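Supplied in structure tokens, the structure appears directly below.
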Amino acid sequence: MKKNFIVANWKLNGNIETISNFLKYLKLKIPLYSQYNKIVIAPSTIYLERVYRKIKDINVFLGAQDVDINKKGAFTGETSILMLEDIGVKYVIVGHSERRFFHNETDKLIAKKFGLIKSLNLIPILCIGESANEKKQNKTEKILKNQLDVIFEYFGEKAFINAIIAYEPIWAIGTGVSADPIYVQSIHKLIKNHINKYNANNIEKLIVQYGGSVNSKNAKSFLEQPDIDGLLIGSASLMHKEFLKILKISNDILCK
Ligand code: PGA
């Protein structure tokens, strides 16, 4: 049965009170909305365990927003994949444009993190996307293919088995200007075709989510597209009412 893959990326937001409140409402509605949604909450690292304690008995999964490339050792301030696994994380976001930009993460570093996440049988959510300038110069296709090819180069033709792709055009993130759903559909098709070039990744199972200014007003138009398999939601995932509305919209589309 198809489920939409909906991820709340809370970024550097939230505190004990807002998180408790959010999860209280989520817990109440989960029986209604988890039938057709696979739901992941990705809080800041410091709140991962707190969130896990509240969601472990309901149909919601834990996601981390980042991981270090080292498994252990003298790396002050970092969080390792072993620690994430230890506390119940199942999904790890990698290659988010905010990390590429603010932390100078290169394609190579992102590929290393991607491999590390998979080596522990956790699932990477690989974010790819073009900037406004690249889009203007008609470079979108080239940029996306390059971002995927780096992963293929490191991990071979089966690289995207048990991995999720999030297409996040940089110009749509946090701007309130989401991409056009028809445009996103065509990009998702392109991504899937490219990943299928080796015919080894079980394309039927590949999940490609869209992210970038998704809210309860535009969620339906994205999820109605055949190749948009879920959403990666930033700001709108911070408010429980808004997030629950999106879960309901997604559920209603698939239960028809
Ligand atoms: P946004 O963020 O929904 O606030 O645009 C999406 C993301 O960065 O994953």
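Cβ-Cβ under 7 Å, sequence separation 6+ or interchain: first residue in the stretch 157-170 and under 17 Å from F101 (Cβ atoms), partner among the aliphatic types (A, V, I, L, M) and in a loop (DSSP other than H, G, I, E, B). Which pairs?
Hits for this filter: P169/A179.
Now a separate question. I'd like to verify a number: residues in the stretch 83-128 that are within 15 Å of the ligand (Cβ to nearest atom) and charged (D, E, K, R), how many?
The number of residues fulfilling the criteria is 4.
Name the residues in the stretch 115-140 that are buried (at least 24 other Cβ atoms within 10 Å of the Cβ) and part of a helix (DSSP H, G or I), would you?
Residue satisfying the conditions is I117 alone.
Only helices (runs of 4 or more DSSP H) wholly contained in the stretch 27-113 count here; list those with 1 or more residues that are buried (at least 17 other Cβ atoms within 10 Å of the Cβ) and in contact with a strand residue (DSSP E or B) (Cβ under 6 Å, 6 or more places away or on another chain).
So the answer is 48-55, 81-86.
Among the residues of the stretch 41-85, which ones are within 18 Å of K24 (Cα to Cα), touching a residue at least 24 places away in the same chain (Cβ under 8 Å) and among the acidic types (D, E)?
Answer for the stretch 41-85, where residues must be within 18 Å of K24 (Cα to Cα), touching a residue at least 24 places away in the same chain (Cβ under 8 Å) and among the acidic types (D, E): just E49.
Same structure, new question: Would you tally the residues in the stretch 217-237 being surrounded by fewer than 18 Cβ atoms within 10 Å (Cβ to Cβ) and either free of Cβ contacts under 8 Å to residues at least 40 places away in the same chain or touching a Phe, Trp or Tyr at 6+ places or on another chain (Cβ under 7 Å) (or both)?
The number of residues fulfilling the criteria is 2.
Taking the stretch 165-183 as the search range and keeping residues that are open to solvent by 10 Å² or more (accessible area, probe 1.4 Å) and among the aliphatic types (A, V, I, L, M), which one is nearest to E130 (Cα to Cα)?
I170
Could you count how many residues in the stretch 86-105 are free of Cβ contacts under 8 Å to residues at least 12 places away in the same chain and touching a Lys or Arg at 6+ places or on another chain (Cβ under 8 Å)?
1
The values are calculated or read from the model by the stated rules, or taken from the named source; none is laboratory data. Values in this document were obtained by computation on a predicted structure and should not be read as measured data. As a convention, Cβ positions derive from the backbone with ideal geometry for all residues, glycine included, and neighbour counts pool all protein chains shown. What goes into the accessible areas is simple: the full protein's heavy atoms, side chains included, and nothing from ligands, DNA or RNA. Shrake-Rupley method; radii C 1.70, N 1.55, O 1.52, S 1.80 Å.
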